[in-house]
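Everything on this sheet refers to the single structure shown next.
The values are calculated or read from the model by the stated rules, or taken from the named source; none is laboratory data. Note that the coordinates shown come from a computational prediction; the quantities given were computed from them, not determined experimentally. Methodologically, a virtual Cβ is constructed for each residue, glycine included, from the backbone with ideal geometry; neighbour enumeration extends over all protein chains shown. The accessibility values were calculated without ligands, DNA or RNA, using every heavy atom of the protein model including side chains. Shrake-Rupley method; radii C 1.70, N 1.55, O 1.52, S 1.80 Å.
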Amino acid sequence: MQKGYIFNIQKFCLHDGAGIRTDVFFSGCNLRCRWCANPESQLPCGDERSEAKCYTTEEVLREVLKDEVFYKKSGGGVTLTGGEVFMQYEFAMELCQKMHANGLNIAIETAGAVDPEKFSALVNQLDFVFIDCKHYDTQKHRQGTGIGNELILKNISWLVQSGKAYTVRIPVIPGYNDSLSDAKAFAELFVKLGVKEVQLLPFHQFGEKKYEKLNKKYDYKGVAQLHKEDLKEYKELFCASKISAAIGG
């Protein structure tokens with residue numbers, strides 16, 4: 001039985017897939033996004049500041065099944081998030097297999113900068129995929145996250161062709177990818193990839209206090225949040241390219 005590290009299991013979530021969901025937060029991430037809202041996911045599991053706990057797949061399954069009645073009534077399920085789920089690939093694979101054996105709907109949130117073979121294998125165990133594209137330019141992507149976007153675009157391209165239900169998410173970050181020229185470049189890229197559905201996530205400061213608690217430097221301290229109304233024109237550029245776009249989760 002596989003064991004993995006989880007830093008939170010959050011119940012009654014409404015913005016990470018259809019219906020009422022339980023979000024399972026995986027520890028570990030291979031990106032270092034300068035605006036990350038979950039910096040605790042980046043801590044090594046042995047770090048005294050880490051709240052990650054070791055679970056077997058059976059223990060996670062028992063926990064999420066406690067709310068099975070709510071999933072069934074609302075059309076919800078479980079969303080695997082993080083961190084980056086693929087950092088604990090074998091654990092995630094076994095967990096998905098067990099959840100599906102129990103009839104649970106499974107979604108994932110991923111940054112997508114992962115091995116394409118592992119990506120396709122795990123996605124085939126899922127019902128829905130949220131995948132981020134944080135920048136259309138690989139050098140700018142590297143500047144903001146520490147990693148280029150080549151693997152991400154390759155995995156998005158495969159996902160589009162796979163027939164699996166998905167949404168590409170863009171976290172819209174002030175001074176990084178929030179201009180209308182950025183929106184136009186994203187839309188042009190997505191047309192080439194065949195992307196049909198995009199979700200725009202306005203920059204927020206929900207994670208700011210976490211950096212203080214962890215005594216970590218936060219590059220976006222004091223930066224004003226974005227709101228839905230700030231992204232109206234940004235959204236319209238996707239719609240003009242016949243890409244369905246929504247603002248917020």
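Of the residues making up the stretch 211-229, those that are within 22 Å of the chain's Cα centre (by Cα) and farther than 17 Å from residue 34 by Cβ are 227, 228. Among helices (runs of 4 or more DSSP H) entirely within the stretch 38-146, having at least 3 residues that are within 20 Å of residue 165 (Cα to Cα), open to solvent by less than 50 Å² (accessible area, probe 1.4 Å) and at pLDDT 95 or above singles out 89-101, 116-123. Restricting attention to the stretch 176-212, the residues that are in contact (Cβ under 8 Å) with a residue 12 or more places away in the chain and closer than 30 Å to residue 44 by Cβ total 11. Return the residues of the stretch 3-37 that are among the aliphatic types (A, V, I, L, M) and open to solvent by 20 Å² or more (accessible area, probe 1.4 Å); say none if nothing qualifies. Of everything in the stretch 3-37, those that are among the aliphatic types (A, V, I, L, M) and open to solvent by 20 Å² or more (accessible area, probe 1.4 Å) turn out to be 9, 14, 18, 20, 37. From the list 231, 193, 214, pick out the single residue that is within 28 Å of residue 49 (Cα to Cα) and of a type in the set (A, V, I, L, M). Being within 28 Å of residue 49 (Cα to Cα) and of a type in the set (A, V, I, L, M) holds for just one of 231, 193, 214, which is 214. Would you confirm whether any residue within the stretch 210-228 is of a type outside the set (Asp, Glu), closer than 18 Å to residue 247 by Cβ and open to solvent by less than 50 Å² (accessible area, probe 1.4 Å)? The answer is yes, given that some residue of the stretch 210-228 is of a type outside the set (Asp, Glu), closer than 18 Å to residue 247 by Cβ and open to solvent by less than 50 Å² (accessible area, probe 1.4 Å).
Among the residues of the stretch 150-205, those identified as surrounded by fewer than 18 Cβ atoms within 10 Å (Cβ to Cβ), of a type in the set (Gly, Ala, Ser) and at pLDDT 95 or above are 157, 162, 165, 175, 179, 181, 185, 194. Taking residues in the stretch 13-34 that are farther than 15 Å from residue 111 by Cβ and in a strand (DSSP E or B), and partners anywhere that are at pLDDT 95 or above and of a type in the set (Asp, Glu), the pairs with Cβ atoms closer than 6 Å and at least 6 places apart or on different chains are 13/23; 22/67. Could you tell me whether any residue of the stretch 62-73 is without any contact (Cβ under 8 Å) to a residue 60 or more places away in the chain, β-branched (Val, Ile, Thr) and in contact with a strand residue (DSSP E or B) (Cβ under 6 Å, 6 or more places away or on another chain)? Scanning the stretch 62-73 turns up at least one residue that is without any contact (Cβ under 8 Å) to a residue 60 or more places away in the chain, β-branched (Val, Ile, Thr) and in contact with a strand residue (DSSP E or B) (Cβ under 6 Å, 6 or more places away or on another chain).
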